[in-house]
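Contents: one structure, followed by commentary.
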Amino acid sequence: EVEAARNAASTENLRSPICCILGHVDTGKTKLLDKIRQTNVQEGEAGGITQQIGATYFPVEALRKKTAVVNPDGAFEFKVPGLLVIDTPGHESFTNLRSRGSSLCNIAILVVDIMHGLEPQTLESMRLLRDRKTPFIVALNKIDRLYGWKPIANNGFRESLNLQNKGVQNEFRDRLEKTKLAFAEQGFNAELFYENKSMAKYVSLVPTSAHTGEGIPDMLKLLVTLTQERMTRQLMYLSEVECTVLEVKVIEGLGTTIDVVLSNGILHEGDTIVLCGTDGAITTQVRALLTPAEMKELRVKSVYVHNKTVKAALGVKITANGLDSAIAGSRLLVAKNKDDEDEIEELEEDVMGDLENLMSRISRT
Ligand code: GDP
């Protein structure tokens with residue numbers, strides 16, 4: 001009861017949004033992810049960034065530090081407790097992260113190489129985002145490749161641009177306008193983020209460099225702004241669990257495990273869970289909820305920490321009996337009463353309703 005009260009639905013008490021990274025191959029998705037995860041230990045910049053199962057969690061403290069250069073007076077107010085970024089960039093994880101047609105990814109970063117413009121997989125990503133009505137921002141990456149660019153590590157984009165010579169500024173404007181035109185051709189209005197007057201009508205373009213870190217503070221601030229200003233309803237805590245299987249993996253000593261993203265609600269050790277299997281619904285009990293151990297203690301025996309409960313949003317590895325036939329992409333439901341056969345049957349039917357969709361996706365890949 002106490003737990004329920006603490007997590008009561010309220011726009012004052014939001015969960016962390018979940019972010020996916022999409023885009024054409026070689027645009028810098030992986031490098032961008034590496035760069036935002038990178039911490040500066042000397043300056044105590046880590047701020048509690050944690051490596052999770054299939055995801056990286058940035059608590060608000062880390063976001064505050066990583067956006068400080070574009071928030072010097074600290075006036076920008078953070079309302080979300082953090083940000084969960086899915087570690088596998090690309091379509092795969094985005095399409096897996098869905099539930100009954102709606103996406104469990106709250107916001108996406110579409111990465112575009114500023115030197116190449118829109119490429120085939122960019123267009124494919126745009127179609128997916130449109131179909132799922134997922135809000136997104138565009139990282140216009142590799143600005144350091146503009147001819148003559150003088151980098152200032154991890155700077156805000158606007159200031160860095162102002163310090164460039166006229167030729168660089170002109171080339172940037174030129175490529176920006178071409179990009180906006182290409183987006184318009186796809187039916188999206190796009191604007192440079194600090195010239196965007198309406199996030200509801202225009203997609204924001206944030207110039208970035210995954211090499212120099214420039215623009216990354218702007219990108220993170222924009223993700224937070226967009227989620228907490230326009231998505232509060234989706235980010236309220238639910239008493240119901242929203243959870244999706246990302247991967248099914250055999251781990252030595254643990255047997256078949258599932259890596260899931262818990263996007264809302266709370267999971268407990270011992271919970272009765274229901275998910276899709278190739279031979280029908282799987283109903284089983286959570287044996288362990290595992291998260292990675294911190295790397296500080298290198299001689300620790302296990303690489304995982306056992307949790308009694310875990311709270312959204314995060315990535316977690318679940319061990320349980322009977323997971324051999326589990327299907328990636330499946331929703332995971334939790335029974336309120338493990339002895340209520342009617343409820344279990346209902347959940348099994350519910351979850352197996354997704355099977356057709358899941359199988360068609362498996363056969364396509
Ligand atoms: P992905 O396929 O989208 O994940 O792209 P990667 O992150 O693997 O990057 C592809 C290549 O582009 C690598 O050689 C990166 O070093 C390079 N790259 C990525 N981001 C940048 C950037 O901001 N500037 C420059 N100059 N190169 C980049």
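Between MET115 and HIS306, the contour length at 0.36 nm per residue exceeds the alpha carbon distance by 64.2 nm.
Of all aspartates and glutamates in the structure, those lying under 17 Å Cα to Cα from LYS338, and not within fewer than 8 positions of it along the same chain, are GLU240, GLU269, ASP271, GLU346, GLU348, GLU349, ASP350. In terms of its C-alpha gyration tensor, the range 52-201 has an oblate overall shape, because the principal axis ratio a/c (a ≥ b ≥ c, square roots of the eigenvalues) is not below 1.5 and a/b does not outweigh b/c. Surface calculation, 1.4 Å probe, protein heavy atoms: GLU349 sits at approximately 130 Å² accessible. Each peptide in 65-74, 216-225, 180-189 gets a packing score, the mean of other Cβ atoms within 10 Å over its residues, and the list from highest to lowest is 216-225, 65-74, 180-189. Computed from phi, the 3J(HN,Hα) profile of the range 19-36 under the Karplus parametrisation 6.51, -1.76, 1.60 (θ = phi - 60°) reads 10, 10, 10, 10, x, 5, 4, 6, 7, x, 4, 5, 5, 4, 4, 4, 5, 6 Hz, with x in place of Gly and Pro. Could you tell me the relative contact order of the chain? Use alpha-carbon pairs under 8 Å, at least six residues apart, and round to a whole percent. Across the chain, relative contact order equals 18 percent. Here the chain has 48 percent of its accessible surface on carbon and sulfur atoms, given a 1.4 Å probe and all protein chains in place. Between SER125, SER325, SER198, the residue with the greatest mean-square fluctuation in the GNM of the chain (Cα pairs under 10 Å linked by springs) is SER198.
By the beta carbon rule, with partners counted only under 4.7 Å, the chain holds these lone Cys residues: CYS19, CYS243, CYS276. Rounded to the nearest 5, the antiparallel percentage of DSSP beta bridges internal to the chain is 70%. Accessible surface calculations at 1.4 Å, restricted to protein heavy atoms, place the chain at 48 Å² per residue.
Couplings 3J(HN,Hα) for the range 80-94, derived from phi with the Karplus relation 6.51 cos²θ - 1.76 cosθ + 1.60 (θ = phi - 60°), are 8, x, x, 9, 9, 10, 5, 6, 8, x, x, 4, 3, 5, 5 Hz, where x marks Gly and Pro. Backbone amide hydrogens, once placed in the peptide plane, bring ALA293 within less than 5 Å of TYR304, VAL305, excluding anything fewer than 5 places away on its chain.
Across the range 125-140, rounded Karplus estimates of 3J(HN,Hα) from the backbone phi angles (6.51 cos²θ - 1.76 cosθ + 1.60, θ = phi - 60°) give 4, 4, 5, 4, 5, 5, 4, 8, 6, 8, x, 8, 10, 10, 8, 8 Hz, Gly and Pro being marked x.
Placing dummy labels 7 Å off each Cα toward the beta-carbon, the span from GLU185 to LYS166 is 3.1 nm. Each Lys and Arg Cβ is given +1 and each Asp and Glu Cβ -1; about its Cα centre, the chain then shows a dipole of about 1600 debye.
Database remark: amide H of LEU192 closer than 5 angstrom to the amide H of LEU205 (H placed geometrically; neighbours at sequence offset of 5 or more, or on other chains; Pro and chain starts carry no H).
The values are calculated or read from the model by the stated rules, or taken from the named source; none is laboratory data. On a predicted model such as this, the values are computed, not experimentally measured, just so you know. Please note: Cβ atoms are built from the backbone with ideal geometry, for glycine as well, and neighbour counts cover all protein chains shown. The accessibility values were calculated without ligands, DNA or RNA, using every heavy atom of the protein model including side chains. Shrake-Rupley method; radii C 1.70, N 1.55, O 1.52, S 1.80 Å.
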